[in-house]
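Scroll down for the structure; my scribbles are underneath it.
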Amino acid sequence: MRVFRAGFLLAALAALLLLPRFVTSYKLLTYTTVLCLAIMAQGWNFIGGFAGYAAFGNVAFFGIGAYTTGLLMISKWHLSFFPALAAGALLSACVAALLGFPILRLKGHYFAIATLGVAEAFREVAGAWDKVTEGATGIDLPLRSDSNFYYYTALGFVVFGVALTAYLARSKLGYGWVAIREDQDAARMLGINTTLFKVAAYALSATFSSIAGGIIAYQNIHVAPNDFFKIEYTLQTIIACVIGGTGTVWGPLLGAAVYQLLSTYVWSHFIELHPTVLGAIIVFFVVFLPRGLMELLRRFGAVARGGRFGSDVFLANVRASRLD
Amino acid sequence: MSATAPPLSVPLLQVRGITRRFGGLAAVDGVDLEIRKGEILGVIGPNGAGKTTFVNCVTGLDRLTSGQVIFHGEDITRKPSYAIGRMGIARTFQVVKPLKQLTVRDNVAIGAMFGAHGRERSASEARQRAEQVLTRVGLGNRIEDTASELTIPDLKRLELAKALAMDPELLLLDEVMAGLNSTEVESAMELIRKINADGVTILVIEHVMKAIMGISDRLAVLHFGRKIAEGKPAEIVESPQVIEAYLGERFAKRARSAGQLGRVTQDGVFRQALIPDEEPWKPTLPLPGDRLLEVKDLCSGYGEVQILRDVSLEVLQGEIVALIGANGAGKTTLLYTLSQLVKPRSGSIRFAGKDLTRASPEEVVGAGIVHVPQGRRLFPGLTVKENLLQGVYLRRDRAVIEDDLEWVFNLLPRLKERSGQLAGRLSGGEQQMCAVGRGLMSRPALMLIDELSLGLAPLVVDQLLDLISQINRKGTTVLLVEQDVQVALEHAHRGYVLETGRVVQASAAPELLRDPRIRQAYLGL
């Protein structure tokens, strides 16, 4: 089983590495976008999936990353892409940490509303701070002829994200986050510095969002407030996580891919009803598979490993996932 | 017990004049207390006396209004909870707080990771340590299970395991034995003594008097947030103040009439004092009438696990019937199946001539069956009064609801005092009263009560049992699940014994009480 899985993963990675040879460079832009959605989802997974805090404003860091990367590249220092990206990520992490101390004291929907407000505030700042951001017009980044670059950069971060998540899930930090998600008072009494752990999760999720923002900015060569501080991005991120499975290693990546597939399929078949049909599919996932595809795969895996094969695996999953 | 305790006097924890107010109410009011290194200190007191708040204050979960907490000579009053935990103070929660989606092993591993020796352990070492601790508390066979699958007594064990995995120097146990039957209480006492013998100082809050008398070196009594007595257990149970506030006359009389009060610290002797050998059966309850509930060959379970196997039983109009069995025998599942929260797989349920086998839970309530569930299931964000009024949801006779509310308030005066408070803020025992009160509000023909005495002071248990006899005389039929088998059978007409999901015995209550097998299995005699 283990060998089979490792083989499958290597094959998948090889396919992803070879992908640019087989698709047009226009098509590749879409794939890069999917990978960036996966990066955002991996980041959201730390705060939303592991620590259980429904952050609804991660697009704020996506935007900060995009602007910081872009502004540093066109500044008088002419930073190259990676240092600029790193600076953006660092700034996002710091902003998240500073915001985190007050707003991570809130719970449930209050926290969600606060993060939503933060994202809107940043959009307003980006639109109004003409001197630096050139307001609603936005900024232009240097053009790069090699379109494979964005794809491979995003792929690299996705692989890093999977590895980091896998490592953290088995680490003390990961255990601490899950304890906080399950019961904060119990976590505190078990010796977990809940404030610090939550801030760490939020800062890490901001870092990932910021990196995705930077890559997309460089690919689009233009950054404007309304394109980059879009609430839709946060929603897509969360939907990707939910579809794939929150609090799992592979869930965000799987969810981002499935979301994109669904979205593309629905676009081409139900052009007028696109949002409606997509919405219905999302509702289906939330109701019947609230723990996502990874949980379903886990159950099928258990069956494959010699468990009883029941036609009711799916139903068992639905029943076990009932949220109360 | 005291044989293993070192020469007393070195204080490990000193609590000086601590007060905690919620609004105008002082939950803990100027309490001074010392816990000496190596001892087991019992804390008792009526429900709502402030025992849990006291523990919350010591562990930093509640901020003190005033006062000081000193551990090992260091002031920890303003320290955050996690730091206090790492210094070597671990606790359990009365209202259990499992990390539900995690396995039992991971729940405990987290304690081992972040506790006093957490820094020295890697995550995988912590998981190994968790397995040792789980074996010790008797959960060794459930390591891989998800915490949400455990029954309440196992969740209590899990609480203890989580705390133990932190390698504490001081362990604060908040009602870890509630819900255990006599035999299980014995083994829990044994375990606590062993933990103590390993050098852990223990503060234990418990209403199971047999346990607290048996293991405590000293007792402290809280009442309305104040400490009203402190001393040797034998002295405490004779204090008139304590009898009046907490134990109740009946309990004191029982112990006294057995003539054992002078030797109460001898655990075995005390136990016998509490369980009089051949008390003559007094049929004070009315004679039962027609068949009210008929259950035939009932099977049910969860997912792939079958719990109930061909259970058949009858409850007659006007009866009090006790369901007896070890933890995991299926008592709670039976009640859940009767109220249709768990669906029957086969068999039939008839109630007052109606077939309820395929009814919905609300139809069951409509038919006159009300379920007072284990673990209370109150609405924490509603006030006590609002919770009580939830009980009349299906009733149409608005005019008399006010009278009924008054009636419940009269039966349970504590609820009246607390009627405007949020149910989530009530003490554990008060929540239990509120759950019973909510059940009464729907004027049920049949009441299913799961673990009546769980977490209640002896005095309150007596009051509630009186209350049940009282409503029973007025015509309410009762099906009672109760870990205190003695108490249950003393108040019931008949009893059914469940073992691994089957009915293995059904007799009149006094017969069961005399049956040597029952006495051995469930009374620990």
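Overview of results
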item: Calculated diffusion of the stretch B:64-214, Stokes-Einstein form, Kirkwood radius summed over Cα pairs, 37 °C and 0.692 mPa s, µm²/s; result: 208 µm²/s
item: Calculated [θ] (222 nm, deg cm²/dmol) that DSSP helices of n ≥ 4 give over chain B, each run adding -39,500 (n - 2.57); result: -10500 deg cm²/dmol
item: Residue-averaged 222 nm ellipticity for chain A, from DSSP H runs of 4+ at -39500 (n - 2.57), nearest 500; result: -24500 deg cm²/dmol
item: Amide H contacts of residue B:20 (H built 1.01 Å from N, under 5 Å, at least 5 apart or other chain); result: B:27, B:28, B:29, B:30, B:65
item: Surrounding net charge for residue B:54, when Lys and Arg each add one and Asp and Glu each subtract one, Cβ distance under 10 Å; result: +1
item: Area of residue B:238 that stays accessible when all protein chains are in place (1.4 Å probe, Å², to 10); result: 100 Å²
item: Kyte-Doolittle at least -1.0, axis length at least 30 Å by Cα - qualifying DSSP helices, chain B; result: none
item: Coordinate range along principal axes, alpha carbons of the stretch B:100-167, Å, largest first; result: 33, 18, 17
item: Sequence of B:491, B:72 when ordered by accessible area, the most exposed leading, probe 1.4 angstrom; result: B:72, B:491
item: Alpha-carbon spread of chain B, three principal axes, descending order, Å; result: 68, 51, 47
item: Signed unit charges on C-beta, dipole axis of the protein assembly as shown, positive-most listed residue B:202, B:220, B:379; result: B:202
item: Mean Cα-pair separation over length for the stretch B:1-113, i.e. relative contact order, pairs under 8 Å, 6 or more apart, %; result: 24 percent
item: Threshold 20 Å² - residues in the stretch B:102-121 whose accessible area is reduced by that much or more when the chain is no longer isolated, probe 1.4 Å; result: B:102, B:106, B:110, B:113, B:114
item: Area projected by the alpha carbon convex hull of the stretch A:26-231, averaged over all directions, nm²; result: 11.2 nm²
item: Accessible area of residue A:62 in the full protein assembly, 1.4 Å probe (Å², nearest 10); result: 10 Å²
item: List B:145, B:310, ordered by accessible area with a 1.4 Å probe, largest first; result: B:310, B:145
item: Histogram of C-alpha separations across the protein assembly as shown, 20 Å bin width, %; result: 14, 40, 32, 13, 2
item: Heavy-atom accessible area per residue - chain B, 1.4 Å, Å²; result: 40 Å²
item: Cα pair distances of the stretch B:282-391 binned at 5 Å [whole percent]; result: 2, 10, 19, 21, 19, 14, 10, 4, 1
item: Charge dipole (debye, nearest 20) of the protein assembly as shown; +1 at Cβ of Lys and Arg, -1 at Cβ of Asp and Glu; result: 1120 debye
item: Candidate lysines - alpha carbon under 29 Å from residue A:27, same-chain residues fewer than 8 apart omitted; result: A:230
item: Principal axis dimensions, largest first and in whole angstrom, of the stretch A:144-250 by Cα; result: 55, 28, 25
item: Percent carbon-and-sulfur accessible area, chain B, ignoring ligands, DNA and RNA, probe 1.4 Å; result: 49 percent
item: Nearest-20 debye value, chain B charge dipole, Cβ charges on Lys, Arg, Asp, Glu; result: 760 debye
item: Accessible carbon and sulfur surface of the stretch A:1-111 relative to its total accessible area, %, 1.4 Å; result: 74 percent
item: Interface residues, the stretch B:54-85 - accessible area loss of 50 Å² or more versus chain alone, probe 1.4 Å; result: B:61, B:82
item: By accessible area with a 1.4 Å probe, ligands and nucleic acids excluded, highest first: order of A:230, A:76; result: A:76, A:230
item: Debye intensity ratio I(q)/I(0), log10, the stretch B:291-523, q values 0.08 Å⁻¹ (C-alpha model); result: -0.28
item: The stretch A:127-219 - accessible surface per residue (Å², probe 1.4 Å); result: 37 Å²
item: Within the stretch B:286-356, GluC sites (Glu not before Pro) in DSSP loop having at most 16 other beta-carbon neighbours inside 10 Å; result: B:304
item: Unit charges at the beta carbon, dipole of the stretch B:93-199: most positive-side option, B:163, B:102, B:188; result: B:102
item: Unit charges at the beta carbon, dipole of chain A: most positive-side option, A:217, A:111, A:171; result: A:171
item: Chains B and A, summed buried accessible surface - 1.4 Å probe, Å², nearest 100; result: 2300 Å²
item: Span-rule helices in chain A, defined as complete DSSP H runs reaching 24 Å or more along the axis (Cα) with Kyte mean at least 0.0; result: A:2-22, A:25-44, A:81-103, A:108-128, A:148-169, A:194-220, A:251-269
item: With all protein chains modelled, accessible area of residue A:53 [1.4 Å, Å²]; result: 20 Å²
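The values are calculated or read from the model by the stated rules, or taken from the named source; none is laboratory data. All values reported here derive from a predicted model rather than from experimental measurement. Don't worry about glycine lacking a Cβ; one is built from the backbone with ideal geometry, like all the others, and counts go over all protein chains shown. When the accessible area is computed, the model is the full protein with side chains, heavy atoms only, and any ligands, DNA or RNA have been set aside. Shrake-Rupley method; radii C 1.70, N 1.55, O 1.52, S 1.80 Å.
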